[in-house]
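Here is the structure we will look at.
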Amino acid sequence: MIKKLSVALILLFSITSFAQQGTSSPYSFYGIGDIRFRGTVENRLMGGVSIFPDSLHINIMNPASYSSLKMSTYTAGGTAKYSKFNSFSGNEKAQRVTLDYVAVAIPFKKFGFGFGLIPYSSVGYRIRNESNAVINSETITTTKRYEGTGGLNKVFLGFGYRINDNLSVGGDFSYDFGRIETRNIQKISDLEFGTQEFNTSELSGVTVNLSAIYRRKLNSKLDVFGSLIYTPESKLQSKNSRVISSVLYSDFFDPQDVDQLDEIKNSNTITLPSKITFGVGIGQSKKWMLGSELTFQQGSKFGNRTDDIANVIYRDVVKYSLGGYFIPNYSSFSNYLKKITYRGGVRYENTGMTINNQNLKEYAVSLGLGLPLGGVFSNANIGVEFGKRGTSRALLIEENYTNVLLSLSLNDRWFIRRKYD
């Protein structure tokens with residue numbers, strides 16, 4: 001057991017040694033970037049629904065579910081994202097492959113606890129724009145380029161406790177850390193030098209997540225569920241640096257020489273708004289489940305890393321999710337297809353950002369499979385998510401994406417004394 005736990009810890013914390021660009025969306029320009037889905041592939045393939053207690057899969061969205069685990073579980077998941085961006089000026093494509101989470105959960109009688117690492121937000125954009133102006137009968141071209149990388153990560157530790165056969169409660173605590181770098185470059189035609197603004201933000205903070213799951217039998221087959229997840233408001237400390245330079249460019253618009261003109265350092269506090277999620281569901285154990293969730297977040301309290309982004313207004317966030325799963329016969333010995341878990345879901349989200357007076361909305365539908373591996377308990381989960389965010393109106397960008405999702409959930413009993421060695 002110690003050897004298995006050591007391997008899990010090494011795999012978990014080794015991924016902190018490298019940074020990944022988890023998004024290519026131009027909307028990651030705002031705030032602290034794209035807010036990533038906090039959950040496993042299994043949750044995501046059900047539209048983001050997180051109300052179901054599971055004896056084999058880690059549910060990192062809902063820490064009360066740790067008390068339902070029957071076996072120690074190690075899980076990791078990733079996404080291959082293919083995006084197409086449509087705007088008034090043209091179309092572009094991008095793709096990214098990311099590691100989305102690594103987590104371990106261990107049950108112990110009525111308790112369960114889990115720990116892991118997940119990205120909270122990602123910044124990854126590269127935008128180029130040209131404008132012309134006529135001055136004294138001469139056309140002057142101004143070229144601007146905006147780039148951003150980085151994001152915020154969470155290391156979390158969570159606990160769940162089963163009060164009785166119907167009610168479980170839980171909570172997790174996260175240390176948030178990350179670095180965001182942005183570069184703004186401007187060059188005017190016929191001028192040898194341009195200007196560059198290079199910004200860095202070092203982010204850190206602590207967040208808490210609390211939850212409860214209520215489960216009750218309607219009859220010998222059907223169960224009903226209720227779930228509540230609450231995340232209180234928290235603060236991020238941001239240490240900022242801004243360096244303004246004069247730069248010489250090549251024909252490829254890349255800076256060749258930098259002459260620093262000024263550097264400004266300051267710090268500020270960014271609010272991560274409170275969030276509450278209500279969920280209800282119904283189903284038959286080890287057969288099928290259907291559930292829905294409604295999430296509210298005080299997005300109006302959110303803000304940017306700096307105060308010089310003027311075309312965005314933050315409003316409260318509302319998200320609706322509907323999804324579930326179906327297993328034809330989980331104990332079938334002769335037909336593998338009957339042991340597969342079939343998942344699906346839909347979601348709609350008003351993201352809370354209003355840019356150029358346009359509300360930014362997102363829609364997605366997902367489908368996937370849970371494939372048993374080797375024995376009875378471990379499995380691979382694969383699926384696809386199709387979504388749309390934003391609009392091409394008001395000089396904005398419509399983002400259409402396809403996410404290919406993959407995760408492994410490996411299960412074993414770690415705290416059993418062997419009778420034979």
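Residues checked against (1) under 19 Å from the mean Cα position of the chain (by Cα); (2) assigned to a strand (DSSP E or B):
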site	(1), (2)
ARG343	no, yes
VAL346	yes, yes
ASN359	no, yes
SER366	yes, yes
LEU371	no, yes
PHE377	no, no
GLU385	yes, yes
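Can you confirm whether region 245-267 contains a residue that is touching a helix residue (DSSP H, G or I) at 6+ places or on another chain (Cβ under 8 Å) and either of a type in the set (A, V, I, L, M) or surrounded by 14 or more Cβ atoms within 10 Å (Cβ to Cβ) (or both)? Before you say what the answer is, go through the steps one by one.
The initial filter retains those residues of region 245-267 that are touching a helix residue (DSSP H, G or I) at 6+ places or on another chain (Cβ under 8 Å), namely none.
No, region 245-267 contains no residue that is touching a helix residue (DSSP H, G or I) at 6+ places or on another chain (Cβ under 8 Å) and either of a type in the set (A, V, I, L, M) or surrounded by 14 or more Cβ atoms within 10 Å (Cβ to Cβ) (or both).
Looking at region 98-115, which of its residues are open to solvent by 10 Å² or more (accessible area, probe 1.4 Å), over 15 Å from SER68 (Cβ atoms) and touching a Ser or Thr at 6+ places or on another chain (Cβ under 8 Å)?
Quick first cut of region 98-115, residues open to solvent by 10 Å² or more (accessible area, probe 1.4 Å) only: 98-100, 107-111, 113, 115.
Then drop every residue that is not over 15 Å from SER68 (Cβ atoms), which leaves 98-100, 115.
If the condition is that a residue be open to solvent by 10 Å² or more (accessible area, probe 1.4 Å), over 15 Å from SER68 (Cβ atoms) and touching a Ser or Thr at 6+ places or on another chain (Cβ under 8 Å), then THR98, ASP100 are the ones that fit.
Can you confirm whether LYS144 is open to solvent by 70 Å² or more (accessible area, probe 1.4 Å) and either under 20 Å from the mean Cα position of the chain (by Cα) or modelled with pLDDT under 95 (or both)? It is false that LYS144 is open to solvent by 70 Å² or more (accessible area, probe 1.4 Å) and either under 20 Å from the mean Cα position of the chain (by Cα) or modelled with pLDDT under 95 (or both).
Scanning region 75-97 for residues that are at pLDDT 90 or above and either of a type in the set (Ser, Thr, Tyr) or touching a Leu at 6+ places or on another chain (Cβ under 7 Å) (or both) returns THR75, ALA76, GLY77, GLY78, THR79, TYR82, SER83. Taking the options ASN240, ASN166, name whichever one is over 25 Å from PHE108 (Cβ atoms) and polar (S, T, N, Q). Of the residues listed, the single one that is over 25 Å from PHE108 (Cβ atoms) and polar (S, T, N, Q) is ASN240. Just to be sure I understand, how many residues within region 377-396 are within 29 Å of SER131 (Cα to Cα) and polar (S, T, N, Q)? Residues flagged as within 29 Å of SER131 (Cα to Cα) and polar (S, T, N, Q) within region 377-396 amount to 2. Taking GLY387 as the residue in question, decide whether it is touching a Ser or Thr at 6+ places or on another chain (Cβ under 9 Å), of a type in the set (Gly, Ala, Ser) and either open to solvent by less than 20 Å² (accessible area, probe 1.4 Å) or modelled with pLDDT under 95 (or both). So GLY387 passes the test.
How many residues are polar (S, T, N, Q) and touching a residue at least 24 places away in the same chain (Cβ under 8 Å) if we restrict to region 105-138? Talk me through it step by step, then tell me what you get.
If we filter region 105-138 for residues that are polar (S, T, N, Q), which is where we start, we get 121-122, 129, 131-132, 136-137.
Checking which are touching a residue at least 24 places away in the same chain (Cβ under 8 Å) leaves us with 121-122.
Result for region 105-138: 2.
If you check MET71, MET46 for being at pLDDT 90 or above, out of contact with any His (no Cβ under 7 Å at 6 or more places or on another chain) and within 26 Å of GLY171 (Cβ to Cβ), only one passes: MET46. Checking each residue in region 173-216 for being at pLDDT below 90 and within 28 Å of SER50 (Cβ to Cβ) picks out no residue at all. Within region 219-252, the residues that satisfy the criterion of being without any contact (Cβ under 8 Å) to a residue 40 or more places away in the chain and under 30 Å from LYS286 (Cα atoms) are ASN219, SER220.
Pull up region 350-378, narrow it to residues that are more than 27 Å from TYR74 (Cβ to Cβ) and of a type in the set (A, V, I, L, M, F, W, C), then point me to the one that is most open to solvent (accessible area, probe 1.4 Å).
Of all residues in region 350-378, those more than 27 Å from TYR74 (Cβ to Cβ) come to 350-365.
Retained after the next criterion (residues that are of a type in the set (A, V, I, L, M, F, W, C)): 353, 355, 360, 364-365.
Numbers: MET353: 28, ILE355: 2, LEU360: 5, ALA364: 11, VAL365: 63 Å².
If we take residues in region 350-378 being more than 27 Å from TYR74 (Cβ to Cβ) and of a type in the set (A, V, I, L, M, F, W, C), then VAL365 is most open to solvent (accessible area, probe 1.4 Å).
Taking the conditions (1) over 21 Å from VAL280 (Cβ atoms); (2) open to solvent by 10 Å² or more (accessible area, probe 1.4 Å); (3) in contact (Cβ under 8 Å) with a residue 24 or more places away in the chain in turn, LYS93 satisfies each one other than (3). Within region 323-343, being surrounded by fewer than 18 Cβ atoms within 10 Å (Cβ to Cβ) and closer than 25 Å to ILE229 by Cα holds for one residue alone: PHE326. Screening PHE159 against (1) modelled with pLDDT under 90; (2) of a type in the set (Phe, Trp, Tyr); (3) touching a Pro at 6+ places or on another chain (Cβ under 8 Å) leaves a single unmet condition, (1).
The values are calculated or read from the model by the stated rules, or taken from the named source; none is laboratory data. Quick caveat, the model's predicted, so the values are computed rather than measured. Here the Cβ is made from the backbone with ideal geometry for all residues, glycine too, and neighbour counts use every protein chain on show. For the accessible areas, the whole protein counts, side chains as well, though only heavy atoms, and no ligand, DNA or RNA atoms are used. Shrake-Rupley method; radii C 1.70, N 1.55, O 1.52, S 1.80 Å.
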